[in-house]
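Laboratory data are not the source of any read-out in this text; all were calculated from the coordinates shown. On a predicted model such as this, the values are computed, not experimentally measured, just so you know.
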């Protein structure tokens, strides 16, 4: 029973990664998105677990490396996003009052 579950886990991980890669090549998601790298990490965890259970050590090790690479990318991106200044913020020193002088005179 466990053998069947682990085999299914590996196939599911492969299909999930295939779907993410297909979405990337179709332009539906970005290669620098949390979605792509998160999906990659999850699928590689599934494949690595299945490979380790089957004692396919080269595949297990390579997938662990992919997990590390994806996790580091996600952490760096999260840090950069958290420390970035939003583009909509305007420095108050740059603000000026602009109005039509005729409208102000008419209003007074």
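Taking one quarter of the surface of the C-alpha convex hull of the chain gives a mean projected area of 12.3 nm². Were the residues from residue 52 through residue 3 laid out at 0.36 nm apart, the gain over their Cα-Cα distance would be 16.5 nm. Between residue 101 and residue 25, the contour length at 0.36 nm per residue exceeds the alpha carbon distance by 21.8 nm. Where does the chain land at 222 nm, in deg cm²/dmol rounded to the nearest 500, when only DSSP H runs of n ≥ 4 count, each adding -39500 (n - 2.57), divided by all residues? Counting only the DSSP helices, I get -25000 deg cm²/dmol. Relative to the longest principal axis of the C-alpha atoms of the chain, give the angle of the C-alpha long axis of helix 34-53, reported between 0 and 90° and rounded to the nearest 10°. Taking Cα atoms only, the helix is inclined about 10 degrees. Cα extents for the stretch 1-64 along the principal axes, largest to smallest and rounded to whole angstrom: 38, 21, 15.
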